[in-house]
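Below: one structure, written as structure tokens.
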Amino acid sequence: MSAELRSNFLRTQIQDDLDAGRVSAVVTRFPPEPNGFLHIGHAKSITVNFGLAQQFGGQCHLRFDDTNPEKESQEFIDSIQEDVRWLGYEWHGEVRYASAYFEQLYHWALHLIDQGVAYVCDLSPEEARAHRGTLTEPGQDSPYRARSVSENRDLFVRMRAGEFSDGERVLRAKIDMASPNINLRDPILYRIRHADHHQTGNEWRIYPTYDFAHGQEDAIEGITHSICTLEFEDHRPLYDWLIANLPVPHQPRQIEFARLNTSYTVTSKRKLKQLVDEAIVEGWDDPRMPTISGLRRRGYPAAAIRHFCEEVGTSRSDGIVDVAMLESAVRDELNRHAPRAMCVMRPLRLILTNLTEPLELQVPNHPADPSFGHRELILTRELLIDAEDFREDANKHFKRLVIGKRVRLRGGLVIEAESCDKDGDGRIQCVYAQCVTSVPGEDPEDGVKPKGVIHWVSADHAVPATIRQYDRLFAVPDPGKSEDLGAVLNENSLTTNASAMIEPGLANAAPEAVFQFEREGYFVADRYEHQSQRPVFNMTIGLRDTWSDPNG
RNA sequence: UGGGGCGUCGCCAAGUGGCAAGGCAGCGGGUUUUGAUCCCGCCAUUCGGAGGUUCGAAUCCUCCCGCCCCAGCCA
């Protein structure tokens with residue numbers, strides 16, 4: 001394990017297992033059910049499982065826990081694989097499926113029946129619930145609990161054969177109806193479902209429950225550390241009971257950790273679906289969604305997501321991580337890897353009154369990394385600058401263009417504003433300025449330094465672009481606590497700007513290429529809609545802004 | 001009010017008997033052709049609370065308080 005990684009209880013326990021010789025190599029697994037899109041919480045699980053395997057020189061499997069065909073589909077299987085790969089991980093061997101083990105699981109169920117520790121129960125779901133007892137009262141034995149082995153066998157075989165209807169019977173483990181742990185009150189192992197399965201078609205009419213399937217899947221695959229979230233802790237006694245009562249080839253160990261929660265985010269499948277169904281967002285991969293595909297479309301680099309997951313750590317205490325931490329990881333990654341470019345969000349004409357000939361400029365693509373090279377920009381007599389970068393007059397805190405004052409045009413000359421035109425309503429239409437230097441990079445000869453630097457594009461060469469600017473989807477830090485999502489939405493989570501102007505090279509950006517638009521933030525060429533004839537950029541995240549204008 | 005967990009700085013989180021890492025956020029200052037980045041500095045005499053053991057406790061013991069999870073034929 002590499003030394004610079006912070007310790008956490010998982011790494012410590014696995015190292016202990018290795019040191020004590022309990023395991024000789026580490027095998028983990030990421031076991032999603034293919035019933036939805038992966039989100040930031042899954043990213044945490046992925047980095048934990050694949051990360052642990054990497055750190056200990058082991059392997060990590062991708063296994064679809066597809067035991068409930070009615071909720072699953074091939075669409076999700078495909079998207080999950082794409083997301084895992086995009087995050088930068090490759091599973092060991094082929095993709096695994098719980099459904100590939102159904103025959104083995106069935107035989108193990110028969111084994112439990114033969115051992116007298118599983119029985120077919122005819123109680124209806126309602127009756128079963130009534131027999132289960134409550135948190136404080138023990139349950140009652142099912143009247144079918146004492147069935148003979150041969151009768152149980154006969155019934156279970158017929159369950160498989162499809163002789164009974166959904167819900168008519170189940171197979172249960174015979175453990176202890178009085179256990180204070182409700183998961184041990186004769187848990188259900190198999191239920192009847194006359195439903196076709198996306199992998200096995202109509203081969204099965206009975207499907208194993210999570211509890212019966214998961215540990216045995218782990219055993220079959222030789223998983224050494226079966227890492228899951230805290231809510232499964234109560235299931236561990238059952239997990240261990242099944243492993244102990246079955247002739248499995250291997251004894252996996254379940255360890256639980258606290259799932260990742262981030263502020264201003266909702267990750268419940270139901271609520272995410274609601275956002276999509278009610279068209280509050282434009283789909284599962286809407287850039288405001290916390291899905292992996294949404295984060296990707298937003299321009300969040302996979303490396304930033306991985307670093308974030310590592311930085312928040314892995315523990316057993318519930319908490320809500322400030323989403324600012326994720327944003328920080330994104331900025332950190334992009335600051336180092338995104339080339340710089342210029343985009344004017346609210347164009348205002350600027351005429352350089354004394355510029356007689358266009359000036360060719362070589363502008364660096366990154367201020368701190370020469371390997372990014374430079375691009376050629378043409379400074380023309382008529383430019384477009386951001387309306388917010390000019391004021392007729394302003395106090396000394398305003399480090400932008402003011403009449404009679406100077407600024408430097410990014411990568412170009414220093415200019416001084418002379419005057420401006422206004423329309424009938426007093427709105428500024430055009431600014432006139434003169435160049436006070438003639439060579440890029442030079443300071444004015446009179447020693448009067450520019451107040452600041454502003455970005456610009458050439459009115460002759462700039463290309464119109466659509467820029468989507470995003471803000472948090474929710475207005476409150478804990479939207480998951482609210483049952484009414486509509487009440488906690490940030491109504492301004494999306495602002496579409498169809499009148500932005502970008503420097504010409506940007507139009508040819510590859511889909512998913514991320515740039516820093518200088519002084520604005522990071523923007524990604526939309527994965528699906530960006531075209532050189534019709535550029536579309538999504539705001540990934542704004543630059544950190546520690547400046548607040550004291551005068552509004 | 002049964003069972004299982006968890007409580008260390010505003011938010012995460014190391015630490016496992018020897019005298020409180022780090023990150024994020026925040027606050028000062030410096031550099032700067034991005035009000036960005038970068039750099040420097042500040043930010044828990046204290047570890048949910050109260051007792052106890054010990055030369056010494058966030059770490060061990062006792063009691064108390066708070067929060068989370070479990071009564072799907074979901075995972």
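The values are calculated or read from the model by the stated rules, or taken from the named source; none is laboratory data. No experiment lies behind these values; they were computed from the predicted model shown. So basically every Cβ, Gly included, is an ideal-geometry build from the backbone, and we count neighbours across all protein chains shown.
So for region A:258-271 (the condition being outside the structural domain of A:ASN365 (by TED's automatic domain parsing), buried (at least 19 other Cβ atoms within 10 Å of the Cβ) and small (Gly, Ala, Ser)), does at least one residue qualify?
no
Just the residues that are in a loop (DSSP other than H, G, I, E, B) and near RNA strand B (Cβ under 7 Å from one of its atoms), please, taken from region A:296-327.
Correct list: A:GLY313, A:THR314, A:SER315, A:ARG316, A:SER317, A:ASP318, A:GLY319, A:ILE320, A:ASP322.
Run down A:ASP211, A:ASP234, A:ASP186, A:ASP218 and say which single residue is in contact with a His (Cβ under 7 Å, 6 or more places away or on another chain), touching a residue at least 24 places away in the same chain (Cβ under 8 Å) and acidic (Asp, Glu).
A:ASP211
So which of A:ARG158, A:ARG129 ends up being within 14 Å of RNA strand B (Cβ to nearest atom) and either assigned to a helix (DSSP H, G or I) or in contact with a helix residue (DSSP H, G or I) (Cβ under 6 Å, 6 or more places away or on another chain) (or both)?
Answer to the check: A:ARG129.
What tally of residues in region A:186-199 results from selecting those that are farther than 13 Å from A:CYS121 by Cα and in contact with a strand residue (DSSP E or B) (Cβ under 9 Å, 6 or more places away or on another chain)?
Final tally of qualifying residues: 4.
May I ask you to list the residues in region A:385-407 that are under 23 Å from A:HIS461 (Cβ atoms) and either surrounded by 21 or more Cβ atoms within 10 Å (Cβ to Cβ) or at pLDDT below 95 (or both)?
A:ILE385, A:ASP386, A:ASP389, A:PHE390, A:LEU401, A:VAL407
When you scan region A:252-260, do you find a residue that is modelled with pLDDT under 95, within 30 Å of A:GLN104 (Cβ to Cβ) and not in a loop (DSSP other than H, G, I, E, B), even just one?
No, because not a single residue in region A:252-260 is modelled with pLDDT under 95, within 30 Å of A:GLN104 (Cβ to Cβ) and not in a loop (DSSP other than H, G, I, E, B).
Please state which of the following conditions A:ASP446 fails to meet, knowing it meets all the rest: (1) at pLDDT below 95; (2) under 23 Å from A:LEU355 (Cβ atoms); (3) within 15 Å of RNA strand B (Cβ to nearest atom); (4) not polar (S, T, N, Q).
Evaluating A:ASP446 over (1) at pLDDT below 95; (2) under 23 Å from A:LEU355 (Cβ atoms); (3) within 15 Å of RNA strand B (Cβ to nearest atom); (4) not polar (S, T, N, Q) leaves (3) as the failure.
Is it true that some residue in region A:148-160 is loosely packed, with under 13 Cβ neighbours inside 10 Å, closer than 18 Å to A:PRO187 by Cβ, among the aliphatic types (A, V, I, L, M) and modelled with pLDDT of 95 or more?
no
Table: residues versus (1) under 30 Å from A:HIS307 (Cβ atoms); (2) over 20 Å from the mean Cα position of the chain (by Cα); (3) aromatic (Phe, Trp, Tyr).
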site	(1), (2), (3)
A:LEU62	yes, no, no
A:ASP66	no, yes, no
A:GLU75	yes, no, no
A:HIS92	yes, yes, no
A:ALA100	no, yes, no
A:ALA109	no, yes, no
A:ASP122	no, yes, no
A:ALA128	no, yes, no
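So A:LEU171 ticks every box in (1) in contact with a strand residue (DSSP E or B) (Cβ under 9 Å, 6 or more places away or on another chain); (2) part of a loop (DSSP other than H, G, I, E, B) but one. Which box is left unticked?
(2)
May I ask you to verify whether A:LEU260 is within 15 Å of RNA strand B (Cβ to nearest atom) and out of contact with any Gly (no Cβ under 6 Å at 6 or more places or on another chain)?
no
Kindly provide the set of residues from region A:393-443 that are away from RNA strand B (no atom under 16 Å from the Cβ) and farther than 22 Å from A:ARG346 by Cβ, ordered by number.
A:GLY404, A:GLN434
Can A:ALA244 be described as more than 7 Å from RNA strand B (Cβ to nearest atom) and in a loop (DSSP other than H, G, I, E, B)?
Judged against the criteria, A:ALA244 is not a match.
When the residues of region A:328-365 are narrowed to those that are within 11 Å of RNA strand B (Cβ to nearest atom) and of a type in the set (Val, Ile, Thr), which ends up surrounded by the fewest Cβ atoms within 10 Å (Cβ to Cβ)?
Applying the filter and picking the extreme gives A:VAL363.
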